[in-house]
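Please read the structure below before turning to the comments.
All of the numbers you see were taken from the coordinates with simple rules; none came from a lab. Here the structure is a predicted model, which means the values were calculated and not measured.
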Amino acid sequence: MSPLKITVRDAATGPVLEIFGALDYDNATELLELIPAITLRPGRRLILDLGGMEFCDSSGLSAAHHHAHTARADFALASVPTHTLRTLRIVGLDQIFPICPDGDCVLPPESAVRSPHGHATTRP
């Protein structure tokens, strides 16, 4: 597995953390230490782009979700790899973490609605 690499960029809706490599128990502290440094405001959205992630431990995802909730900001996962999406569905986290297709996460939070399966979709 590749080592963990996290990059942060700004989008119109808020910060995007791009995660590459393996996010597991041994290296989750890197993400856990980064999250509190991310400034969020109510109405903004924290996005975790998991497109480059090879393996995932949910502790880092939960910490990011909690940080966004505490700041009264939205939270979403983007570009979730199939193997990670399968795991999220098995444990029911797809019902807690909004998961959106690649481009949908960069839309303003008020333009997204939830599907019956808990996924964010865009309004027509």
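Can you list residues from other chains, or at least 5 along the same chain, whose modelled amide H is less than 5 Å from the amide H of residue 52?
19
Hey, what do the phi angles of the range 81-96 turn into as Karplus ³J(HN,Hα) couplings, whole Hz, using 6.51/-1.76/1.60 and θ = phi - 60°, x for Gly and Pro?
Ordered by residue, 3J(HN,Hα) equals x, 3, 5, 6, 4, 4, 5, 4, 5, 4, 8, x, 6, 5, 8, 9 Hz.
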